[in-house]
Amino acid sequence: MKKIIILFLFGATLLLASDSIKVSDAYARATPPNMPNSAAFMNLNNITDKNISLIKASSSLANKVELHTHDMKNGMMKMYEVEEILIKANSNTDLKPGGYHIMLIGLNKSLNEGDLIDLSLEFSNGEIKNLELEVKSIKQGMMKHH
């Protein structure tokens, strides 16, 4: 009986965790032929009263997937990998061009406008979101964030 109760409580905890982050406006950037890298963008909405971080992303279409941001360093805009992307309690974090984003490195095929790609997101609270993102042209994606 104790095992059943423990399993029930564990399942209920996972169920609650699965609703803590809402993902919207997610897309990946189309690539020219033979371009080995792309990026994914989206809005992450934390509907809980605790800070949660995006800690990992993966996709079957890329050899490597990294969390990135941009900053001005020594008068030049630099892009670099970060360990996590914070989504503050009851708040939104935008992953957008020129800011936080997810790099898809070593693509195994070109990403064409209208394609759908898989992307899995892992959060610090144990939640995992398995997404299907539409591939959009650079122009379409930029208009979405203005």
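The values are calculated or read from the model by the stated rules, or taken from the named source; none is laboratory data. Keep in mind the model is a prediction, meaning the values are calculated, not measured. For neighbour counting, all protein chains shown are included, and Cβ atoms are generated from backbone atoms with ideal geometry for every residue, glycine included. In case anyone asks, the SASA skips ligands and DNA or RNA and just uses the protein heavy atoms, side chains included. Shrake-Rupley method; radii C 1.70, N 1.55, O 1.52, S 1.80 Å.
Worth a mention:
- Condition met for His101 (in contact with a strand residue (DSSP E or B) (Cβ under 6 Å, 6 or more places away or on another chain), under 20 Å from Pro36 (Cβ atoms) and open to solvent by 30 Å² or more (accessible area, probe 1.4 Å)): no
- Pick from the stretch 61-84, criterion closer than 26 Å to Leu116 by Cβ and in contact with a Gly (Cβ under 6 Å, 6 or more places away or on another chain), ranking: least open to solvent (accessible area, probe 1.4 Å): Ala62
- Single residue of the stretch 80-114 satisfying the filter (free of Cβ contacts under 8 Å to residues at least 40 places away in the same chain and outside any strand (DSSP E or B)) that is nearest to Leu61 (Cα to Cα): Gly114
- Residue match in the stretch 43-51 (condition: part of a strand (DSSP E or B), open to solvent by 60 Å² or more (accessible area, probe 1.4 Å) and on the phi < 0 side of the Ramachandran plot): no
- Search result, residues across the stretch 127-144 that are open to solvent by 40 Å² or more (accessible area, probe 1.4 Å) and modelled with pLDDT under 95: Ile138, Lys139, Gln140, Met142, Met143, Lys144
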